[in-house]
Amino acid sequence: MASEMYMKKWAMDYEGKSRRIMLDPIFAMRVITNKDPFEHLAKKHGQPLRDITASQICVIFVPVLDDDHWWCAAFELKEKPIWFMDTMYPNPEEKHKSILKNMIPAIDTMLNVHDPQWELGTMGSWGRQLVELMNNTDNHSCGVLMLGWIKSSAARIVSRYGMENIVVARKALLMEDFLSEFNEAKDEALSAIT
């Protein structure tokens, strides 16, 4: 799972600093189906928030796959904007409002379930920010662009993002993740191709 692998790397890179959290895309899928109470989603998908307080979190990345299209919402807990990264739609907040009307309170509830000091109900009033995408002429690489942006935004949210050559970037991202010391399947995959 990319989310687990990235969070392990971030835990090492930012040891002693605020946490960077990336939820599994299954969380967003459950939000989209709207069948689970927020408290259930918080307990089932909020494992990365266990044993930490909201004040220890820098950002929560929520990758979303909806209708074969990847986009991301990022909740920056210190400055309190919600960031939207979408390669296809110029106004992702409007395009995805039916998902966001459940996602925002679901994240809010998740924070409160794992940290009762978190003031429930405030996240809906946070500011909204849109990631400006540069050099994006490829509507078939949304997943690569989204993962690249998430990785680039771990230190600090990147407000302008682009990849010069998507083919080279895709290969680089694949190799970086494939060879990562945090890729639990690396040895099996290497033995399968050698």
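Read the figures in this text as sums done on the coordinates, not as results from a lab. Everything quoted here is computed from the prediction, not taken from an experiment. Don't worry about glycine lacking a Cβ; one is built from the backbone with ideal geometry, like all the others, and counts go over all protein chains shown.
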Problem - Positive-end extreme of charge dipole, the chain - chosen from Pro25, Met175, Trp126 (charges on Cβ) - result: Trp126
Practice task
Using only the Cα atoms, work out Rg/Rh for segment 33-118, with Rh taken as the Kirkwood radius, to two decimals.
Solution key: 0.97
Fill in the blank from the handout: HN-Hα couplings for segment 87-93 via Karplus (6.51, -1.76, 1.60; θ = phi - 60°), in whole Hz with x for Gly/Pro, come out as 7, 10, 10, x, 10, x, 4
Practice task
Let me have the 222 nm mean residue ellipticity of the chain computed from DSSP H runs of 4+ only, each contributing -39500 (n - 2.57), with the sum over all residues rounded to the nearest 500.
Solution key: -12500 deg cm²/dmol
Handout entry: Residues in segment 65-84 reached by a label modelled at Gln56 [backbone nitrogen below 17 Å; 7 Å Cα→Cβ]
Key = 77-78
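Excluding Asn91 itself, what net charge comes from residues whose Cβ is under 12 Å from its Cβ, given Lys and Arg +1 and Asp and Glu -1? Let's see the in-between values first.
Numbers: positive: Lys95, Lys97, Arg128; negative: Asp86, Glu93, Glu94.
Residues close to Asn91 contribute a combined charge of 0.
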Exercise for the section: Quick one: grab Rg to one decimal and Dmax as a whole number for the chain, Cα atoms only, in Å. Expected result: 16.6, 53
Completion exercise
segment 1-75: Kirkwood hydrodynamic radius (Cα pairs, Å) comes out at 13.1
Practice task
Any chance you could list P(r) for segment 91-194, counting all Cα-Cα pairs in 10 angstrom bins from zero, rounded to whole %?
Solution key: 12, 29, 30, 23, 6, 0
